[in-house]
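Note sheet for the following structure.
The values are calculated or read from the model by the stated rules, or taken from the named source; none is laboratory data. Please read these numbers as outputs of a predicted model, since none were measured by experiment. Note that we place each Cβ from the backbone using ideal geometry, even for glycine, and neighbour counts take in every protein chain shown. In case anyone asks, the SASA skips ligands and DNA or RNA and just uses the protein heavy atoms, side chains included. Shrake-Rupley method; radii C 1.70, N 1.55, O 1.52, S 1.80 Å.
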There are 2 protein chains.
Amino acid sequence: MAADVDTDTTNNLEIMYFPIVINLLMSIGAYFITVRLIPGIKDKFIKANLFGIDMSKTTSDKVPESLGVVTGCSFLITMFLFIPIPFGNSLINGDFPHAEFVELLAALLSICCMLLLGFADDVLDLRWRHKLLLPTIASLPLLMVYYVNFNSTTIVTPKPLRELIGYSIDIGLLYYVYMGMLAVFCTNAINILAGVNGLETGQSVVIAMSIIIFNVVELSGNLPKAHQFSLYFMLPYTATTLALLKHNWYPSKVFVGDTFCYFSGMTFAVVGILGHFSKTTLLFFIPQVFNFLYSSPQLFKLIPCPRHRLPKFNSKIDRMEISTTNFKYSELNILGKIVISLFRMFKLIKWQEKDGWVVTNNLTLINLVLLYCGPLHEAKLTSILIAIQIFFTGVAFVIRYPLASVFYDV
Amino acid sequence: MAADVDTDTTNNLEIMYFPIVINLLMSIGAYFITVRLIPGIKDKFIKANLFGIDMSKTTSDKVPESLGVVTGCSFLITMFLFIPIPFGNSLINGDFPHAEFVELLAALLSICCMLLLGFADDVLDLRWRHKLLLPTIASLPLLMVYYVNFNSTTIVTPKPLRELIGYSIDIGLLYYVYMGMLAVFCTNAINILAGVNGLETGQSVVIAMSIIIFNVVELSGNLPKAHQFSLYFMLPYTATTLALLKHNWYPSKVFVGDTFCYFSGMTFAVVGILGHFSKTTLLFFIPQVFNFLYSSPQLFKLIPCPRHRLPKFNSKIDRMEISTTNFKYSELNILGKIVISLFRMFKLIKWQEKDGWVVTNNLTLINLVLLYCGPLHEAKLTSILIAIQIFFTGVAFVIRYPLASVFYDV
């Protein structure tokens with residue numbers, strides 16, 4: 001009997017790991033194909049008027065923009081070819097996991113739609129308000145499928161609140177709003193932590209690898225299927241993004257475009273939602289959340305926001321320096337005065353005052369790093385920002401594992 | 001008992017028609033939104049360098065190109081919002097039609113992917129061989145889902161062949177090749193019957209409406225679900241395409257781009273395959289099939305093929321005239337000589353000979369119409385071509401209904 005159970009477990013593990021291994025091998029293949037595809041196709045982007053000038057270089061070469069559409073397509077094709085691997089088998093056994101299959105298709109549909117809309121945005125240069133609208137549209141298939149397939153909108157309440165509102169609470173429509181907003185947040189969070197070579201791709205690789213580690217740990221947990229599902233997406237995503245990073249790293253031979261930020265954010269949101277670990281996904285976005293909150297006085301126009309907030313390139317010493325904005329303190333509204341004073345108190349901003357005019361750094365995490373470290377070479381600046389991202393993945397795991405037990409039954 | 005049966009039938013009919021009516025109302029809404037959206041967004045296309053000059057006009061204004069991406073997105077959003085209507089109900093009854101739902105998502109995934117690749121092709125101007133590769137990639141999700149979900153590759157043999165090979169035959173892998181090729185054919189067939197204002201959209205509307213009529217007739221047949229499914233796609237497709245036609249009709253204020261041809265062809269292929277009426281779908285492509293066969297001597301370089309084969313605009317009389325190609329008869333290879341002589345024998349080409357040089361019209365259906373009708377105003381030329389398309393829909397129905405019984409048990 002004991003032997004039987006062992007065989008059974010081994011079989012289950014095989015069924016579980018086999019598609020992951022195949023997915024990993026396909027991802028490695030996708031990496032090598034994408035790495036070679038990018039230099040071959042990049043001139044077509046310049047011809048199509050899709051290019052930028054790198055403002056932090058002494059040369060003014062045209063750098064192809066929106067290469068995210070190439071890695072996005074590589075990712076999709078890998079996933080299309082992968083579809084029969086985990087599901088073809090179940091067909092023979094007669095226990096076809098319809099719900100899981102539907103989830104996979106809905107996830108791919110949302111990601112494909114986001115890639116289309118992101119590329120359309122890069123090409124057509126849509127308005128700022130579309131940055132919020134497009135991810136909402138692209139998350140529609142996901143939400144619709146969630147509604148049709150599950151429609152479970154009950155959340156478990158944290159322990160301290162249980163006396164007040166019970167063990168769980170059905171938040172109904174709000175749950176759909178939450179899912180839609182998660183997609184909007186993830187897409188834009190990566191988009192606004194950008195401006196130095198390799199940062200968009202670098203942070204995305206760190207977030208993806210954090211999710212992979214979390215999934216691998218949880219494979220032996222009580223929801224293995226959800227984490228297996230997430231790995232199917234994260235492995236090819238990481239592979240194709242690494243291929244992009246290779247060409248996007250300092251000095252960038254290609255730029256990634258909004259396409260990439262949209263595509264990445266939606267992929268993270270999708271695995272978070274369908275893998276039932278959206279809160280943990282958000283934990284891996286700590287630097288992005290900080291950057292968003294830190295930026296908010298400028299994003300909401302409490303203090304002036306110039307068109308570009310990226311750090312300033314000092315060509316004499318080949319270093320990046322903080323970029324600044326200036327304003328009359330007396331002209332800020334009351335909320336602006338409070339926020340800026342708080343930032344000043346906590347030494348979170350540079351502060352120079354003369355004749356009633358105040359000069360501060362633009363409120364981005366990148367400028368904050370430069371404020372503390374002084375002028376840095378661009379590659380070093382990106383490395384530090386990625387190191388911060390990695391550090392906060394560690395923090396996220398501490399919060400997720402030891403600390404979560406305070407609030408939830410783990 | 002009799003009364004019971006009646007109620008039951010009424011209920012079933014209600015269940016069948018209710019989502020179709022909702023879909024129709026949503027489609028009408030999509031029409032009005034798209035009609036207003038196109039003029040609002042078209043300047044962004046010109047700014048993005050996506051425009052063409054209309055060679056059949058006296059002015060040389062920039063006409064925005066690739067507007068198919070706008071109607072494609074309208075179509076997708078309509079479909080996303082429609083998803084809960086037919087399936088939300090089944091959820092409550094507990095008889096959720098998983099296979100049907102999976103089909104819907106796979107179909108949308110293929111269409112969305114084709115729209116993305118089509119738009120990428122318009123923007124990046126990919127090579128000619130991609131015209132064959134891209135629809136194959138975009139049909140991958142469909143084929144993979146077909147494999148996972150059905151994997152039925154048996155076809156019923158026509159009556160005259162049954163003595164030889166039996167009632168049905170399993171063609172295995174060939175069935176997938178057939179499905180992939182259907183997508184490639186449909187996308188490119190519309191793309192090569194083009195060149196005068198409103199023709200791509202006009203023919204597509206006729207094909208879509210033919211499919212709608214066929215579906216409505218078959219709703220009372222023995223596979224109502226499949227035709228209901230097809231209507232879900234065809235109604236919003238027709239609505240958004242009519243909106244595009246309004247702006248694309250002579251004189252064109254927008255061009256539709258390869259994006260539109262890809263998107264349309266894939267939509268037709270998808271409903272044909274998943275609705276199990278791919279042969280009937282092909283019947284609605286008779287003018288396209290003829291145009292392809294008639295063009296093939298030039299497509300396969302048996303006789304010289306200039307870069308553009310569209311008819312020539314005669315600005316003095318404001319009429320379209322045939323465009324020509326010339327070659328030395330003696331320099332054609334044997335196959336070229338046979339084909340061109342056959343065409344000449346059947347009076348399918350203009351033929352002028354001088355000093356061994358032959359001048360013929362370019363081999364397109366458009367030029368053939370001009371050959372028989374003489375110079376025509378552009379709007380009239382398009383109208384005649386659309387009338388031909390409508391005529392052959394009638395022919396298709398004759399083949400499908402009275403004639404099919406000769407070959408199959410109907």
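Just a few scattered comments:
- Counting only DSSP H runs of at least 4 residues, each contributing -39500 (n - 2.57), and dividing by the residue count of chain B, the helix-based mean residue ellipticity at 222 nm comes to -22000 deg cm²/dmol.
- Phi-based couplings in Hz for the stretch B:310-321 (Karplus 6.51, -1.76, 1.60; Gly and Pro marked x): 5, x, 8, 8, 9, 5, 5, 9, 6, 10, 8, 10
- When chains B and A come together, the accessible area they lose, probed at 1.4 Å and totalled over both chains, is close to 4100 Å².
- Accessible-area value, B:His308, 1.4 Å probe, nucleic acids and ligands omitted, Å²: 100 Å²
- B:Arg319 long-range amide H proximity, modeled H, under 5 Å: B:Asn314
- Solvent-accessible area per residue for the stretch A:285-410 (1.4 angstrom probe, square angstrom): 55 Å²
- Once C-alpha pairs closer than 8 Å and six or more residues apart are averaged by separation and normalised to the residue number of the stretch A:285-410, the relative contact order reads 28 percent.
- Of B:Lys225, B:Lys316, B:Lys279, the one that fluctuates the most in a GNM where chain B has Cα springs shorter than 10 Å: B:Lys316
- Reduction of at least 50 Å² in accessible surface, 1.4 Å probe, comparing all protein chains with the chain by itself, residues of the stretch B:101-117: B:Phe101, B:Val102, B:Leu105, B:Leu109, B:Cys112, B:Leu116
- Using a cut-off of 20 Å between Cα atoms, the listed pairs B:Lys42/B:Lys131; A:Lys62/A:Lys246; A:Lys44/A:Lys253 include B:Lys42/B:Lys131 as exceeding that distance.
- Across the identical copies, the 7 Å label point of A:Tyr401, projected outward along Cα→Cβ, sits 7.1 nm from its counterparts, in ascending order.
- Order of exposure, largest accessible area first, which applies to A:Tyr176, B:Tyr232, B:Tyr167 with probe 1.4 Å: B:Tyr167, A:Tyr176, B:Tyr232
- The stretch B:79-227: relative contact order in percent, alpha carbon pairs under 8 Å with at least 6 residues between: 16 percent
- Between the stretch A:259-332 and the stretch B:38-54, the alpha-carbon center distance in angstrom: 32 Å
- Estimated from the Cβ-Cβ distance and a Förster radius of 25 angstrom, the FRET efficiency linking B:Leu223 and B:Asn151 is about 0.85.
- In Å², nearest 10: area of B:Arg400 left accessible to a 1.4 Å probe: 50 Å²
- Span-rule helices in chain B, defined as complete DSSP H runs reaching 24 Å or more along the axis (Cα) with Kyte mean at least -0.5: B:2-47, B:98-124, B:130-149, B:173-192, B:199-218, B:224-248, B:257-274, B:378-398
- Between the amide H of B:Val256 and those of B:Ser66, B:Leu67, distances stay under 5 Å, these residues lying 5 or more places away or on another chain, with hydrogens modeled in the peptide plane.
- A Gaussian network model of chain A, with springs between Cα atoms under 10 Å, assigns the largest mean-square fluctuation among A:Gly336, A:Gly166, A:Gly272 to A:Gly166.
- Peptide B:45-52 shows a mean partner chain C-beta count of 3 within 10 Å per residue C-beta.
- Accessible-area composition of the stretch B:323-410, carbon plus sulfur, in percent [1.4 Å probe]: 67 percent
- Counting, for every residue in A:362-372, the Cβ atoms of other protein chains within 10 Å of its Cβ and taking the mean gives 0.
- Which of A:Glu378, B:Glu218 is most accessible, then next, and so on - probe 1.4 Å: B:Glu218, A:Glu378
- All other residues whose Cβ lies under 13 angstrom from that of A:Leu231 are scored, Lys and Arg at +1 and Asp and Glu at -1, for a net of 0.
- Taking label points 7 Å from Cα along the Cα-to-Cβ direction, B:Ile384 and A:Lys159 give a separation of 8.4 nm.
- Sequence of A:Val270, A:Val289 when ordered by accessible area, the most exposed leading, probe 1.4 angstrom: A:Val289, A:Val270
- Per-residue SASA entry for A:Ser315, accessible area with 1.4 Å probe, Å² rounded to 10: 70 Å²
- Normalised by the number of residues in chain A, the mean separation of alpha-carbon contacts (under 8 Å, six or more apart) gives a relative contact order of 20 percent.
- Between B:Met16 and A:Ile317, the simple label model (points 7 Å from Cα in the Cβ direction) yields a spacing of 7.9 nm.
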